[in-house]
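A.B. asks: What follows is a structure written as structure tokens; I'll ask about it next.
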Amino acid sequence: TGERLTLVFRGNDLGVFEVATGKRVSPPMRHLYESHGFVVSADGSRSASSSWDGRVIVWRVLFGPVAETFGAEAETFDGHTGRITDVAIAPDGRTIATAVFNGEQPDTNHVSIWDRSSGRVVRELDDVSASSLAFDGSGDRLAIGTYDGTVQIRDTSSWGINRSFRAG
């Protein structure tokens, strides 16, 4: 609504704050290690955070007069093989993308595509060292920013590279 803001601060601590007062309106939401990615779903009902602890947590973030369940952990996506540097939620809320980084074995860096309802990986996009992820407003494309400055635009129907260019 523009009245609340979700922040990652102090490494692994996340919180929802009122913009006007700066007051925290959520209980603590935490990862074990530093959190590096955070996104709010298109409808504002969920947020997802990624961390170097190898987990992605989808949080319920419901605002309103009836139920306010700030920071209730809804779903956890475990099983990553490295640090999670970013996370993105498709506009329909059914697909989650995670950027996996393994500094010790760089050839294992990849993007995982998850089906949110089953909690399972449905696709791995190999050989991409992603630093940032974002779905477009339609969910038809996923933008992947890489550590070498390349941007890949992937078509989500095939996950093939639609376009690639160097940023900057």
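A.B. asks: Are any residues in the range 128-168 among the small types (Gly, Ala, Ser), under 21 Å from VAL39 (Cβ atoms) and in a strand (DSSP E or B), and if so, which ones?
C.D. replies: ALA130, SER131, SER132, ALA134, ALA143, GLY145
A.B. asks: Now, a different point. Any residue in the range 152-166 that's surrounded by fewer than 11 Cβ atoms within 10 Å (Cβ to Cβ): show its pairings with residues that are assigned to a strand (DSSP E or B) and among the aliphatic types (A, V, I, L, M) at Cβ separation under 7 Å, as long as the two are six or more apart or on different chains.
C.D. replies: Filtered contacts from the range 152-166: PHE165/VAL151.
A.B. asks: Can you tell me which residues in the range 117-164 are of a type in the set (S, T, N, Q) and touching a Lys or Arg at 6+ places or on another chain (Cβ under 8 Å)?
C.D. replies: The answer is SER117, THR150, GLN152, THR156, ASN162.
A.B. asks: Now for a different question. Being of a type in the set (A, V, I, L, M), part of a strand (DSSP E or B) and modelled with pLDDT under 65 narrows it down to one of LEU62, LEU7, so name that one.
C.D. replies: None of the other options fit; the residue is LEU7.
A.B. asks: Then there's this: Answer with yes or no whether GLY44 is at pLDDT below 75, surrounded by fewer than 18 Cβ atoms within 10 Å (Cβ to Cβ) and within 14 Å of the chain's Cα centre (by Cα).
C.D. replies: Spelling it out, GLY44 is indeed at pLDDT below 75, surrounded by fewer than 18 Cβ atoms within 10 Å (Cβ to Cβ) and within 14 Å of the chain's Cα centre (by Cα).
The values are calculated or read from the model by the stated rules, or taken from the named source; none is laboratory data. These numbers were taken from a predicted model, which means no experiment stands behind them. All Cβ positions, glycine included, derive from the backbone under ideal geometry; neighbour counts span all protein chains shown.
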